[in-house]
Amino acid sequence: MTSMETGHQPETRHPAGSDGTRRAQLVSAAVAAPALSALVLITAAGTDAPLGAPDYWPWLLTGLQVLALWSAGTRRWWGWLLGAAVQLPWIAYAVDTGQPGFIPGFAVSAAVQTHSFLVGRPRSRSRTDSEGRRVQVYA
């Protein structure tokens with residue numbers, strides 16, 4: 001039988017985790033986002049850049065966002081979570097540079113990406129196939 005016939009999918013890129021694992025991943029993103037936001041604000045404090053923040057921040061944040069989109073597109077579990085976490089530093093950047101019009105978009109993006117992380121990961125169940133072997137099935 002093929003893996004398609006049994007409903008079995010390999011766990012290489014999209015491992016199912018327990019609720020505790022998922023919670024720990026969310027907490028780690030919730031800690032990383034304010035830390036990166038604080039770095040944006042701290043480095044902006046002493047700069048004389050035209051927008052009020054160092055010129056490298058939009059490049060760094062864009063790079064993180066592109067990495068998040070790529071990883072989500074290749075079904076890595078952390079893709080949507082990274083995308084959601086990078087929105088808070090974007091909000092800090094928007095506030096510091098006087099561009100509040102971007103804040104609603106960043107907030108909506110954070111909500112959508114967090115939702116995608118939470119619902120987009122398959123939950124694994126095991127069952128017995130027609131030959132009596134235990135297989136992982138993703139709902």
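Things worth noting here:
- Cut-off 15 Å between beta-carbons: net charge of the residues surrounding Asp55, Lys and Arg +1, Asp and Glu -1: -2
- Order by protection proxy (mean Cβ within 10 Å, highest first), peptides 46-53, 75-82: 75-82, 46-53
- Taken about its Cα centre, the range 41-134 carries a charge dipole of roughly 900 debye when the Cβ of each Lys and Arg holds +1 and the Cβ of each Asp and Glu holds -1.
- When the Cα convex hull of the range 28-90 is projected onto planes of every orientation, the mean area is 4.0 nm².
Every number here is computed from the coordinates shown, using simple stated rules; none is lab data. Keep in mind it's a predicted model, so treat the numbers as computed, not measured. Neighbour counts are summed over all protein chains in view; Cβ atoms, including those assigned to glycine, are modelled from backbone coordinates with ideal geometry.
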